Amino acid sequence: MLGTAIIGGGLSGLALAHHLQQLGQEFALFEARERFGGRILSVSGDGMALDLGPSWHWPDTQPRITHLIAELGLEAYSQHNHGTVLNLTDPEKAPQPYPTSSGVHDGAQRLVGGMGSLVQALVDNLPADALHTGHVLIAVIEHGDHVELHFRCGERVQKIDARQVVLAVPPRVLEEHVRFEPPLDESICQSMRATYTWMADQAKVVVTYPHSFWRKAGLAGNAFVEHGQAVLYETFDACNAAADHAALGGFMALTPALRTSYQLGMPLLISSQLVQLFGMEADNGTQHIQDWATEIYTSSTLDQTPPARHPAYDDPSLRHPLWKAKLYFCGSETAGYAAGYLEGALEASERVSYLLTGDNSPVLKVSTDSLRRNL
(Lines give C-alpha, C1' and ligand atoms only; values in the text may rest on other atoms or scores of the structure.)
Protein backbone atom coordinates (compact mmCIF):
# COMPACT_ATOMS: atom_id res chain seq x y z
CA MET A 1 0.00 0.00 0.00
CA LEU A 2 1.24 3.47 -0.90
CA GLY A 3 2.19 5.80 1.95
CA THR A 4 1.15 9.21 0.59
CA ALA A 5 -0.65 9.89 -2.67
CA ILE A 6 -0.37 13.46 -3.93
CA ILE A 7 -3.03 14.43 -6.45
CA GLY A 8 -2.05 17.37 -8.63
CA GLY A 9 1.33 18.11 -10.16
CA GLY A 10 1.29 21.88 -9.93
CA LEU A 11 3.74 23.78 -7.76
CA SER A 12 2.09 22.83 -4.49
CA GLY A 13 2.06 19.10 -5.24
CA LEU A 14 5.59 19.17 -6.62
CA ALA A 15 6.93 21.10 -3.63
CA LEU A 16 5.30 18.64 -1.23
CA ALA A 17 6.81 15.71 -3.16
CA HIS A 18 10.18 17.49 -3.08
CA HIS A 19 10.11 17.71 0.69
CA LEU A 20 8.86 14.15 1.24
CA GLN A 21 11.70 13.00 -1.01
CA GLN A 22 14.19 14.91 1.15
CA LEU A 23 12.81 13.22 4.27
CA GLY A 24 12.91 9.75 2.73
CA GLN A 25 9.12 9.40 2.84
CA GLU A 26 7.23 7.14 0.45
CA PHE A 27 4.94 8.97 -1.98
CA ALA A 28 3.58 9.01 -5.50
CA LEU A 29 2.42 12.04 -7.46
CA PHE A 30 -0.53 11.77 -9.86
CA GLU A 31 -1.29 14.45 -12.46
CA ALA A 32 -4.28 14.54 -14.82
CA ARG A 33 -2.43 16.35 -17.61
CA GLU A 34 0.39 14.90 -19.66
CA ARG A 35 2.70 17.55 -18.21
CA PHE A 36 3.55 18.87 -14.76
CA GLY A 37 3.20 22.46 -13.63
CA GLY A 38 -0.54 23.05 -13.47
CA ARG A 39 -1.08 26.76 -14.08
CA ILE A 40 2.66 27.23 -14.60
CA LEU A 41 3.14 26.97 -18.35
CA SER A 42 6.23 28.11 -20.24
CA VAL A 43 6.43 27.52 -23.98
CA SER A 44 9.19 28.19 -26.48
CA GLY A 45 8.63 31.00 -28.96
CA ASP A 46 11.13 32.71 -31.26
CA GLY A 47 14.09 31.51 -29.23
CA MET A 48 12.86 32.41 -25.75
CA ALA A 49 10.72 30.97 -22.97
CA LEU A 50 7.26 32.53 -22.82
CA ASP A 51 5.26 32.37 -19.60
CA LEU A 52 1.60 31.80 -20.39
CA GLY A 53 0.84 31.25 -16.72
CA PRO A 54 2.47 33.07 -13.81
CA SER A 55 5.58 35.05 -14.63
CA TRP A 56 6.50 36.83 -11.42
CA HIS A 57 7.49 36.41 -7.82
CA TRP A 58 8.15 39.17 -5.28
CA PRO A 59 11.24 38.55 -3.11
CA ASP A 60 10.37 41.33 -0.66
CA THR A 61 7.13 39.67 0.43
CA GLN A 62 7.40 36.05 -0.76
CA PRO A 63 10.25 34.31 1.10
CA ARG A 64 9.25 30.72 0.29
CA ILE A 65 9.37 30.99 -3.49
CA THR A 66 12.53 33.10 -3.26
CA HIS A 67 14.18 30.47 -1.06
CA LEU A 68 13.15 27.59 -3.34
CA ILE A 69 14.48 29.35 -6.44
CA ALA A 70 17.83 29.81 -4.71
CA GLU A 71 17.85 26.22 -3.40
CA LEU A 72 17.33 24.86 -6.91
CA GLY A 73 20.08 27.06 -8.33
CA LEU A 74 17.81 29.02 -10.66
CA GLU A 75 18.53 32.55 -11.82
CA ALA A 76 16.08 35.42 -11.36
CA TYR A 77 16.04 38.90 -12.88
CA SER A 78 14.00 42.03 -12.32
CA GLN A 79 10.90 42.75 -14.36
CA HIS A 80 11.64 45.58 -16.81
CA ASN A 81 9.90 48.77 -15.69
CA HIS A 82 12.00 51.57 -17.20
CA GLY A 83 10.20 54.08 -19.37
CA THR A 84 6.79 55.67 -19.69
CA VAL A 85 3.72 53.71 -18.59
CA LEU A 86 0.64 54.24 -20.74
CA ASN A 87 -3.04 54.64 -19.89
CA LEU A 88 -5.82 54.33 -22.46
CA THR A 89 -9.26 55.49 -21.29
CA ASP A 90 -10.94 56.35 -24.62
CA PRO A 91 -10.97 53.96 -27.60
CA GLU A 92 -11.07 56.94 -29.96
CA LYS A 93 -8.04 58.72 -28.52
CA ALA A 94 -4.34 58.09 -28.09
CA PRO A 95 -3.00 56.68 -24.81
CA GLN A 96 -1.66 59.09 -22.22
CA PRO A 97 1.22 58.73 -19.76
CA TYR A 98 0.25 56.99 -16.55
CA PRO A 99 1.70 58.78 -13.52
CA THR A 100 4.11 56.55 -11.62
CA SER A 101 7.53 57.17 -10.13
CA SER A 102 8.60 53.61 -9.33
CA GLY A 103 7.11 51.35 -11.98
CA VAL A 104 4.07 49.14 -11.58
CA HIS A 105 5.37 45.73 -10.55
CA ASP A 106 6.58 46.44 -7.00
CA GLY A 107 9.94 44.68 -7.28
CA ALA A 108 8.70 41.67 -9.22
CA GLN A 109 11.24 39.22 -10.61
CA ARG A 110 11.11 36.60 -13.36
CA LEU A 111 13.12 33.45 -13.96
CA VAL A 112 15.70 32.93 -16.66
CA GLY A 113 14.20 30.21 -18.83
CA GLY A 114 10.68 31.05 -17.67
CA MET A 115 8.74 29.87 -14.65
CA GLY A 116 8.63 26.44 -16.25
CA SER A 117 12.30 26.05 -15.30
CA LEU A 118 11.16 25.87 -11.67
CA VAL A 119 8.80 23.01 -12.51
CA GLN A 120 11.48 21.18 -14.48
CA ALA A 121 14.02 21.54 -11.67
CA LEU A 122 11.59 20.04 -9.17
CA VAL A 123 10.63 17.18 -11.51
CA ASP A 124 14.29 16.41 -12.25
CA ASN A 125 14.95 15.95 -8.53
CA LEU A 126 12.11 13.47 -8.02
CA PRO A 127 12.24 9.72 -8.72
CA ALA A 128 10.72 8.98 -12.12
CA ASP A 129 8.85 5.92 -10.85
CA ALA A 130 6.92 8.12 -8.37
CA LEU A 131 5.60 10.45 -11.08
CA HIS A 132 2.44 9.62 -13.00
CA THR A 133 0.83 11.79 -15.68
CA GLY A 134 -2.45 11.11 -17.47
CA HIS A 135 -4.16 10.08 -14.21
CA VAL A 136 -7.53 11.82 -13.89
CA LEU A 137 -8.96 11.45 -10.38
CA ILE A 138 -12.62 10.45 -10.45
CA ALA A 139 -13.31 8.98 -6.98
CA VAL A 140 -11.93 9.10 -3.43
CA ILE A 141 -13.26 6.38 -1.12
CA GLU A 142 -12.54 5.95 2.59
CA HIS A 143 -11.76 2.40 3.69
CA GLY A 144 -10.99 2.22 7.39
CA ASP A 145 -7.24 2.73 7.70
CA HIS A 146 -6.68 3.81 4.09
CA VAL A 147 -8.17 5.63 1.12
CA GLU A 148 -8.97 4.11 -2.26
CA LEU A 149 -8.40 6.30 -5.29
CA HIS A 150 -9.94 5.77 -8.70
CA PHE A 151 -8.18 7.27 -11.72
CA ARG A 152 -9.26 7.38 -15.32
CA CYS A 153 -6.22 6.55 -17.43
CA GLY A 154 -7.26 6.71 -21.05
CA GLU A 155 -9.97 4.08 -21.47
CA ARG A 156 -9.27 2.18 -18.25
CA VAL A 157 -9.80 2.88 -14.56
CA GLN A 158 -6.90 2.32 -12.15
CA LYS A 159 -7.33 1.86 -8.40
CA ILE A 160 -4.66 2.92 -5.90
CA ASP A 161 -4.73 2.42 -2.12
CA ALA A 162 -2.93 4.95 0.06
CA ARG A 163 -2.71 5.58 3.78
CA GLN A 164 -2.87 9.33 3.25
CA VAL A 165 -4.10 11.41 0.32
CA VAL A 166 -3.25 15.04 -0.44
CA LEU A 167 -5.50 16.87 -2.88
CA ALA A 168 -3.36 19.59 -4.49
CA VAL A 169 -6.13 20.49 -6.93
CA PRO A 170 -8.38 23.59 -6.99
CA PRO A 171 -11.29 22.95 -4.60
CA ARG A 172 -13.94 23.86 -7.17
CA VAL A 173 -12.51 21.40 -9.69
CA LEU A 174 -12.54 18.65 -7.05
CA GLU A 175 -16.11 19.41 -5.99
CA GLU A 176 -17.35 19.37 -9.58
CA HIS A 177 -15.55 16.33 -10.95
CA VAL A 178 -14.61 13.96 -8.11
CA ARG A 179 -16.90 11.60 -6.18
CA PHE A 180 -16.24 11.23 -2.46
CA GLU A 181 -17.43 8.24 -0.41
CA PRO A 182 -18.69 8.92 2.13
CA PRO A 183 -19.80 12.31 0.79
CA LEU A 184 -18.01 15.28 2.29
CA ASP A 185 -19.99 17.38 4.73
CA GLU A 186 -22.18 19.93 2.98
CA SER A 187 -20.36 22.74 4.77
CA ILE A 188 -17.08 21.56 3.24
CA CYS A 189 -18.71 21.31 -0.20
CA GLN A 190 -20.03 24.84 0.17
CA SER A 191 -16.54 26.05 1.04
CA MET A 192 -15.12 24.28 -2.01
CA ARG A 193 -17.72 25.84 -4.29
CA ALA A 194 -17.12 29.28 -2.80
CA THR A 195 -13.35 29.13 -3.36
CA TYR A 196 -12.55 30.87 -6.63
CA THR A 197 -9.77 29.22 -8.61
CA TRP A 198 -7.14 31.92 -8.99
CA MET A 199 -6.93 33.24 -12.59
CA ALA A 200 -9.09 30.37 -13.85
CA ASP A 201 -11.32 32.69 -15.88
CA GLN A 202 -8.36 34.59 -17.33
CA ALA A 203 -6.55 34.45 -20.66
CA LYS A 204 -3.03 35.64 -21.36
CA VAL A 205 -1.18 36.49 -24.55
CA VAL A 206 2.54 36.92 -25.19
CA VAL A 207 3.52 38.45 -28.53
CA THR A 208 7.09 38.10 -29.79
CA TYR A 209 8.83 40.67 -32.00
CA PRO A 210 12.16 41.04 -33.83
CA HIS A 211 13.21 43.79 -31.40
CA SER A 212 11.85 45.77 -28.45
CA PHE A 213 10.76 48.88 -30.36
CA TRP A 214 8.84 50.22 -27.37
CA ARG A 215 12.02 50.43 -25.29
CA LYS A 216 13.72 52.44 -28.03
CA ALA A 217 10.72 54.81 -27.94
CA GLY A 218 11.15 55.31 -24.18
CA LEU A 219 8.15 53.17 -23.22
CA ALA A 220 8.13 50.61 -20.40
CA GLY A 221 5.79 48.20 -22.17
CA ASN A 222 3.36 48.62 -19.29
CA ALA A 223 -0.07 49.92 -20.21
CA PHE A 224 -3.51 49.98 -18.61
CA VAL A 225 -6.64 50.05 -20.77
CA GLU A 226 -9.72 51.29 -18.98
CA HIS A 227 -12.64 51.54 -21.38
CA GLY A 228 -15.57 49.29 -22.25
CA GLN A 229 -14.15 48.07 -25.56
CA ALA A 230 -10.82 46.90 -24.12
CA VAL A 231 -9.43 43.61 -25.40
CA LEU A 232 -6.36 43.69 -23.12
CA TYR A 233 -6.73 45.41 -19.77
CA GLU A 234 -3.00 45.37 -18.98
CA THR A 235 0.23 44.86 -20.91
CA PHE A 236 3.85 44.46 -19.81
CA ASP A 237 7.35 43.96 -21.17
CA ALA A 238 8.01 40.21 -21.57
CA CYS A 239 11.54 40.33 -23.00
CA ASN A 240 14.07 37.78 -21.79
CA ALA A 241 16.77 38.61 -19.25
CA ALA A 242 19.38 39.58 -21.83
CA ALA A 243 16.81 41.60 -23.81
CA ASP A 244 18.06 39.97 -27.01
CA HIS A 245 14.61 38.48 -27.60
CA ALA A 246 11.61 40.79 -27.49
CA ALA A 247 8.03 40.26 -26.38
CA LEU A 248 5.01 42.03 -24.94
CA GLY A 249 2.59 40.25 -22.63
CA GLY A 250 -1.00 41.06 -21.82
CA PHE A 251 -4.07 39.97 -19.89
CA MET A 252 -7.37 39.82 -21.74
CA ALA A 253 -10.25 42.00 -20.62
CA LEU A 254 -12.93 39.91 -22.35
CA THR A 255 -14.92 37.39 -20.34
CA PRO A 256 -14.64 33.67 -21.17
CA ALA A 257 -17.98 33.81 -23.02
CA LEU A 258 -16.90 36.78 -25.14
CA ARG A 259 -13.54 35.16 -25.90
CA THR A 260 -15.41 32.16 -27.26
CA SER A 261 -17.66 34.39 -29.37
CA TYR A 262 -14.73 36.34 -30.81
CA GLN A 263 -12.33 33.41 -31.08
CA LEU A 264 -11.74 33.62 -34.84
CA GLY A 265 -11.13 37.35 -34.77
CA MET A 266 -9.13 37.40 -31.53
CA PRO A 267 -5.66 37.74 -33.13
CA LEU A 268 -6.82 40.81 -35.07
CA LEU A 269 -8.43 42.36 -31.98
CA ILE A 270 -5.25 41.84 -29.94
CA SER A 271 -3.06 43.28 -32.69
CA SER A 272 -5.33 46.30 -33.06
CA GLN A 273 -5.14 47.01 -29.33
CA LEU A 274 -1.35 46.75 -29.29
CA VAL A 275 -1.02 49.03 -32.32
CA GLN A 276 -3.16 51.65 -30.64
CA LEU A 277 -0.91 51.50 -27.60
CA PHE A 278 2.56 51.11 -29.13
CA GLY A 279 2.33 52.04 -32.81
CA MET A 280 2.40 50.18 -36.12
CA GLU A 281 5.46 48.10 -35.23
CA ALA A 282 3.25 46.20 -32.80
CA ASP A 283 1.34 44.76 -35.77
CA ASN A 284 4.03 42.30 -36.91
CA GLY A 285 4.32 40.08 -33.83
CA THR A 286 3.71 36.36 -33.35
CA GLN A 287 0.94 35.71 -30.83
CA HIS A 288 0.88 32.95 -28.22
CA ILE A 289 -2.47 32.75 -26.44
CA GLN A 290 -3.45 30.67 -23.41
CA ASP A 291 -7.10 30.72 -22.33
CA TRP A 292 -7.20 29.17 -18.85
CA ALA A 293 -11.00 29.09 -18.86
CA THR A 294 -10.85 26.27 -21.42
CA GLU A 295 -8.62 24.10 -19.18
CA ILE A 296 -10.91 21.56 -17.47
CA TYR A 297 -8.26 20.70 -14.88
CA THR A 298 -8.00 24.37 -13.89
CA SER A 299 -11.36 26.05 -14.48
CA SER A 300 -14.67 24.77 -13.11
CA THR A 301 -18.10 25.79 -14.33
CA LEU A 302 -18.36 28.27 -11.46
CA ASP A 303 -15.04 29.83 -12.47
CA GLN A 304 -16.42 30.79 -15.88
CA THR A 305 -18.07 33.79 -14.19
CA PRO A 306 -15.37 36.25 -13.07
CA PRO A 307 -15.58 37.37 -9.44
CA ALA A 308 -16.98 40.83 -8.79
CA ARG A 309 -14.05 41.72 -6.55
CA HIS A 310 -10.65 40.40 -5.54
CA PRO A 311 -11.36 37.01 -3.93
CA ALA A 312 -10.74 36.45 -0.24
CA TYR A 313 -9.23 33.12 0.75
CA ASP A 314 -10.06 33.15 4.44
CA ASP A 315 -11.94 29.88 4.98
CA PRO A 316 -9.97 27.74 7.46
CA SER A 317 -12.16 24.66 6.88
CA LEU A 318 -10.09 23.74 3.80
CA ARG A 319 -6.94 23.69 5.93
CA HIS A 320 -8.14 20.96 8.31
CA PRO A 321 -7.42 17.24 7.74
CA LEU A 322 -10.47 15.06 7.06
CA TRP A 323 -11.31 11.38 7.52
CA LYS A 324 -9.23 10.99 10.69
CA ALA A 325 -6.16 12.63 9.14
CA LYS A 326 -6.20 10.53 5.97
CA LEU A 327 -7.34 13.29 3.60
CA TYR A 328 -5.79 16.75 3.15
CA PHE A 329 -6.53 19.74 0.95
CA CYS A 330 -3.49 21.46 -0.51
CA GLY A 331 -2.99 23.89 -3.39
CA SER A 332 -2.62 27.64 -3.47
CA GLU A 333 -6.30 28.38 -2.87
CA THR A 334 -6.08 26.74 0.57
CA ALA A 335 -3.11 28.82 1.76
CA GLY A 336 -3.28 31.05 4.81
CA TYR A 337 -0.84 33.50 3.21
CA ALA A 338 -0.54 34.67 -0.42
CA ALA A 339 -3.37 32.38 -1.53
CA GLY A 340 -3.60 32.10 -5.31
CA TYR A 341 0.05 33.02 -5.84
CA LEU A 342 3.08 30.76 -6.19
CA GLU A 343 3.99 31.72 -2.64
CA GLY A 344 0.59 30.47 -1.49
CA ALA A 345 1.15 27.14 -3.25
CA LEU A 346 4.34 26.70 -1.23
CA GLU A 347 2.70 27.85 2.01
CA ALA A 348 -0.01 25.22 1.53
CA SER A 349 2.50 22.46 0.80
CA GLU A 350 4.48 23.51 3.86
CA ARG A 351 1.39 23.23 6.06
CA VAL A 352 0.47 19.79 4.74
CA SER A 353 4.06 18.57 4.97
CA TYR A 354 4.16 19.53 8.64
CA LEU A 355 0.87 17.75 9.31
CA LEU A 356 2.11 14.61 7.55
CA THR A 357 5.63 14.45 8.97
CA GLY A 358 6.01 16.92 11.84
CA ASP A 359 8.93 18.50 9.99
CA ASN A 360 8.62 22.26 9.68
CA SER A 361 11.31 23.12 7.15
CA PRO A 362 10.21 22.05 3.65
CA VAL A 363 10.85 25.35 1.92
CA LEU A 364 11.37 28.03 4.54
CA LYS A 365 11.82 27.18 8.18
CA VAL A 366 9.05 28.78 10.20
CA SER A 367 7.86 28.24 13.73
CA THR A 368 5.43 25.51 14.69
CA ASP A 369 3.17 28.17 16.22
CA SER A 370 3.05 29.99 12.88
CA LEU A 371 2.00 26.82 11.08
CA ARG A 372 -0.69 26.12 13.65
CA ARG A 373 -2.11 29.61 13.22
CA ASN A 374 -2.70 28.78 9.55
CA LEU A 375 -4.72 25.63 10.27
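The values are calculated or read from the model by the stated rules, or taken from the named source; none is laboratory data. All values reported here derive from a predicted model rather than from experimental measurement. With ideal geometry, Cβ positions are generated from the backbone for all residues, glycine too; neighbour counts draw on all protein chains shown.
For residue 246, the stated conditions hold: it is surrounded by 22 or more Cβ atoms within 10 Å (Cβ to Cβ) and in contact with a Cys (Cβ under 8 Å, 6 or more places away or on another chain). If only residues of the stretch 272-310 that are free of Cβ contacts under 8 Å to residues at least 60 places away in the same chain and in a helix (DSSP H, G or I) are counted, the one that is farthest from the chain's Cα centre (by Cα) is 280. Number of residues in the stretch 21-65 that are farther than 26 Å from residue 163 by Cβ and either assigned to a loop (DSSP other than H, G, I, E, B) or over 14 Å from the mean Cα position of the chain (by Cα) (or both) equals 25.
So is residue 234 closer than 30 Å to residue 331 by Cα, assigned by TED's automatic domain parsing to the domain that holds residue 340 and surrounded by fewer than 17 Cβ atoms within 10 Å (Cβ to Cβ) or not? In short, no. Is there a residue being modelled with pLDDT under 95, of a type outside the set (A, V, I, L, M) and exposed (fewer than 14 other Cβ atoms within 10 Å of the Cβ) anywhere in the stretch 279-296? Yes, some residue in the stretch 279-296 is modelled with pLDDT under 95, of a type outside the set (A, V, I, L, M) and exposed (fewer than 14 other Cβ atoms within 10 Å of the Cβ). Out of curiosity, is residue 86 in contact (Cβ under 8 Å) with a residue 12 or more places away in the chain, in contact with a strand residue (DSSP E or B) (Cβ under 6 Å, 6 or more places away or on another chain), not assigned by TED's automatic domain parsing to the domain that holds residue 28 and not polar (S, T, N, Q)? The answer is yes for residue 86. For residues that are in a loop (DSSP other than H, G, I, E, B) and in contact with a His (Cβ under 8 Å, 6 or more places away or on another chain), scanning just the stretch 221-271, find the one that is modelled with the highest pLDDT. Out of the qualifying residues, it is 239.
Taking residue 174, is it assigned to a loop (DSSP other than H, G, I, E, B), under 24 Å from the mean Cα position of the chain (by Cα) and modelled with pLDDT of 95 or more? No; evaluated as a whole, the condition is false for this residue.
Looking across the stretch 75-98 at every residue that is in a loop (DSSP other than H, G, I, E, B) and in contact with a Phe, Trp or Tyr (Cβ under 7 Å, 6 or more places away or on another chain), the one that is surrounded by the fewest Cβ atoms within 10 Å (Cβ to Cβ) is identified as 98. Please determine whether any residue of the stretch 190-208 is more than 23 Å from residue 299 (Cα to Cα) and outside any helix (DSSP H, G or I). Yes. Restricting attention to the stretch 108-141, the residues that are surrounded by 15 or more Cβ atoms within 10 Å (Cβ to Cβ) and in a helix (DSSP H, G or I) total 9.
Yes or no, residue by residue, for (1) out of contact with any His (no Cβ under 8 Å at 6 or more places or on another chain); (2) polar (S, T, N, Q):
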residue: 21; (1), (2): yes, yes
residue: 36; (1), (2): yes, no
residue: 42; (1), (2): yes, yes
residue: 46; (1), (2): no, no
residue: 52; (1), (2): no, no
residue: 60; (1), (2): yes, no
residue: 74; (1), (2): yes, no
residue: 134; (1), (2): yes, no
